[in-house]
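To start, the structure itself, in structure tokens.
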């Protein structure tokens, strides 16, 4: 969906920035550097980095950040890799992160291949493109000698995908109170701006019972039957269309043979909403139905033999902000100035969830290029005009933290206790 600019003042600031000779030089550099960016992207994708096992890719990326002149580059206790590019004056601190992890096991063949102008390989888009975009933007800063007013913290997180549950960005945000704004880089065409975040709760539910022979022990409760009762009740839930709220039982397993009463059965449940209160409401409803499945199966056989274990395996906070926020307006204005079409695909779940849930202005930007097959072995990336993504990201960064001698920051400094 196309989105429009509503604050002319911010648009004028960004347009003036784009006319500065150093900024124009940087934008031209990003276009001319596209082949190098693509090589970085392929080199990164060739390094395995499954969630919880990102150390190899993290070490490589740390060396690249150091090579490109970031100060105080660290690999923190969680595994995140980042450094700082200092501004010249007092100003806001903006974080720009991609993520290191992928959904593919260590033994997956991940080396990308070029075929008919496209690049194929696991993680070539998600999020090797975001990681490579950061490197090319750092090169553009150095090449054009851009000096910001505020500080930049630049790097990559771990555990963004799946059951990683945003642990990397959660750890980062828990340790700092100097973050005034946050940009997450993900696959997406230039001009794509996401400013709301979908929250989720994920549960592993395990039913345990006596088990037994399907004929000789008939009359005892079955763990699979308890599971089925719960799933049937969950499937009949009604949810509001606005804010969008969803539920699904994504994985079911259990039992040992066709002629046995199941001693154990489990399911994985995914609950999502764009609003925190709606997420809490659907969570409460589902957890009651999970317990109901256990009670109903026991009642059916006048038994107390079925027990239940409940484990929360995912907790991604929801977050939203007004379209008029400076961080949103600056990103949209940057797209307009570059003659791109600013669009949004609605709320997503990214690293931006965590800062936004804490009241920190945060957005997710597309890193340029076209892509498909994400999270599959056939994942692909089309680099046609992909440089436009880093161009928009760079212009957004400069608008938010300010450019020495040209513009003051559009991003507001926050206090640690806000």
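Read the figures in this text as sums done on the coordinates, not as results from a lab. Here the structure is a predicted model, which means the values were calculated and not measured. Please note: Cβ atoms are built from the backbone with ideal geometry, for glycine as well, and neighbour counts cover all protein chains shown.
When 90, 312, 414 are arranged by Cβ crowding within 10 Å, least crowded first, meaning fewest neighbours, the order is 90, 312, 414. Calculated from the structure at hand, volume of the Cα convex hull per residue in Å³ is found among [x] 138; [y] 148; [z] 185 as [y]. Tilt of helix 34-45 relative to the longest C-alpha principal axis of the chain, in degrees (0 to 90, nearest 10)? Long axis of 34-45 versus the principal axis of the chain: about 30 degrees.
Quick check on the stretch 311-371: take the gyration tensor over C-alpha atoms, sort the square-rooted eigenvalues as a ≥ b ≥ c, and tell me if it's rounded (a/c under 1.5), prolate or oblate. It comes out oblate by the Cα gyration axes. Entry note, the chain: relative contact order of 25 percent, from Cα contacts under 8 Å with a spacing of 6+ residues. Would the stretch 199-316 count as rounded, prolate or oblate if I go by the C-alpha gyration tensor, calling it rounded below 1.5 in a/c and otherwise prolate when a/b exceeds b/c, oblate otherwise? Prolate, since a/c reaches 1.5 and a/b exceeds b/c.
Need the full-extension length gain, residue 385 to residue 304, defined as separation in residues times 0.36 nm minus the C-alpha distance. One decimal, nm.
Values: separation 81, 0.36 × 81 = 29.16 nm, distance 6.38 nm.
Once the chain is fully extended between residue 385 and residue 304, it gains 22.8 nm.
Fewest-first ordering of 301, 380 by other beta carbons within 10 Å of each residue's beta carbon gives 301, 380. Distance between Cα centroids, the stretch 351-401 to the stretch 73-143: provide it in whole Å. For the stretch 351-401 versus the stretch 73-143, the Cα centre distance is 11 Å. Computed from Cα atoms, the angle from the helix 128-144 axis to the main principal axis of the chain rounds to 20 degrees. Separation of the stretch 191-212 and the stretch 225-250, taken as the distance between their Cα centroids, equals 12 angstrom. On a 0 to 90° scale, report how tilted helix 326-337 is relative to the longest principal axis of the chain, with both axes built from alpha carbons and the result rounded to the nearest 10. So the inclination is approximately 60 degrees.
For the peptides 319-332, 169-182, the ranking by mean Cβ contacts within 10 Å, running from highest to lowest, is 319-332, 169-182. According to a simple spin-label model (label point 7 Å from Cα along Cα-to-Cβ), what is the distance in nm between residue 339 and residue 21? Result: 2.3 nm between the two label points. Sorted ascending by nearby beta carbons within 10 Å, beginning with the fewest, 344, 108 become 108, 344. Note on residue 88 and residue 143: their simple-model spin labels are 2.2 nm apart, each label 7 Å out from Cα toward Cβ.
For the chain, DSSP calls about 70 percent of its internal beta bridges antiparallel.
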